[in-house]
1. (1) in a loop (DSSP other than H, G, I, E, B); (2) touching a Ser or Thr at 6+ places or on another chain (Cβ under 7 Å): which one isn't true of ALA174, the others all being true?
2. Testing LYS21 on (1) over 30 Å from ASP237 (Cα atoms); (2) surrounded by fewer than 19 Cβ atoms within 10 Å (Cβ to Cβ); (3) free of Cβ contacts under 8 Å to residues at least 60 places away in the same chain, one condition comes back false. Which one is that?
3. When you scan the range 202-216, how many residues do you find that are surrounded by fewer than 22 Cβ atoms within 10 Å (Cβ to Cβ), within 17 Å of SER126 (Cβ to Cβ) and touching a residue at least 60 places away in the same chain (Cβ under 8 Å)?
4. Quick one: is ARG170 within 18 Å of the chain's Cα centre (by Cα) and without any contact (Cβ under 8 Å) to a residue 12 or more places away in the chain?
5. Please work out if THR14 is over 20 Å from ASN202 (Cα atoms), crowded, with 17+ Cβ neighbours inside 10 Å, touching a strand residue (DSSP E or B) at 6+ places or on another chain (Cβ under 6 Å) and of a type in the set (Val, Ile, Thr).
6. Within the range 112-121, does at least one residue satisfy the condition of being under 12 Å from ALA44 (Cα atoms), touching a residue at least 40 places away in the same chain (Cβ under 8 Å) and touching a Lys or Arg at 6+ places or on another chain (Cβ under 8 Å)?
7. Collect the residues in the range 49-65 that are surrounded by fewer than 16 Cβ atoms within 10 Å (Cβ to Cβ) and either basic (Lys, Arg) or under 17 Å from VAL178 (Cβ atoms) (or both), keeping them in residue-number order.
Amino acid sequence: MGRNIDVPKAFSITDIGRKRKMNQDCVYTSEYPLGSLPNLFIVADGMGGHNAGDFASKTTVETMVRKIRESSQEKPVRALENAIEEANSMIRKKACERPELEGMGTTVVAAFCADGRLEAANVGDSRLYIVNETIRQITRDHSLVEEMVRMGGIPREQARNHPDKNIITRAVGAADTVEPDFFSEEIKKGDLVLLCSDGLTNMLEDEEIRQIISGGRDIAEMARELVKAANARGGRDNISVILIDP
């Protein structure tokens, strides 16, 4: 049977990197419908001592997928929002039940695409880009350094190597309520969509990411090359990449 022209192609990869003892990132891809969503792609980057970050990212992804699958909400964006809220409640509940999970949280960036549009949501500093001849960050980092840039406190060039770069201002599980940002973008022929954790973006400049993507034969090769390049640069964190050809 031929591939349905409307079904996006996706490839995901997650890597422990060179410095960490465990991978606290979690990725999920479904190119086919899930509840009211036509497809779904998620990257979550957990934080917390011992295995708490690992638990937070996995639990968030699993909870979101289950909630969307079971939801009767017909508006896809609302279904996605409900799923993030449910994940936040679940993380808070588990952290109360188990002292070793106290203080855990996770970033999340999630997206789906249909009818020439991309819908995305994020909490934290995992990112979504649209890549073609240019590279454009669609999501906005919820981080202390990004706030400083927005307020004019520091220039963007300085933000990249700022000592407080890893302090995020919003996370799933950090408070009783969660506030995701939502983005809606038109996608054109030739656009590729990239979701990634900061293990990629802290190692590579946006333009380097674009060059690696434009040099690849297919999305699987592009994604593997991105991970390889981040590791070659030091691989200070776990690296997760989802590339989508809508």
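No lab work stands behind these numbers, since they all come straight from the coordinates. These numbers were taken from a predicted model, which means no experiment stands behind them. Heads up, the Cβs are rebuilt from the backbone with ideal geometry, glycines too, and the neighbour counts pull from every protein chain shown.
1. In the conditions (1) in a loop (DSSP other than H, G, I, E, B); (2) touching a Ser or Thr at 6+ places or on another chain (Cβ under 7 Å), ALA174 misses (2) alone.
2. (1)
3. Total meeting the criteria: 1.
4. Criteria not met by ARG170.
5. No; evaluated as a whole, the condition is false for this residue.
6. No, there is no match, as no residue in the range 112-121 is under 12 Å from ALA44 (Cα atoms), touching a residue at least 40 places away in the same chain (Cβ under 8 Å) and touching a Lys or Arg at 6+ places or on another chain (Cβ under 8 Å).
7. Answer for the range 49-65, where residues must be surrounded by fewer than 16 Cβ atoms within 10 Å (Cβ to Cβ) and either basic (Lys, Arg) or under 17 Å from VAL178 (Cβ atoms) (or both): just GLU62.
Table: residues versus (1) touching a strand residue (DSSP E or B) at 6+ places or on another chain (Cβ under 6 Å); (2) farther than 28 Å from ILE167 by Cα.
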{"residue": "LEU204", "(1), (2)": "no, no"}
{"residue": "ARG217", "(1), (2)": "no, yes"}
{"residue": "ARG224", "(1), (2)": "no, no"}
{"residue": "VAL227", "(1), (2)": "yes, no"}
{"residue": "ASP237", "(1), (2)": "no, no"}
{"residue": "ASP245", "(1), (2)": "yes, yes"}
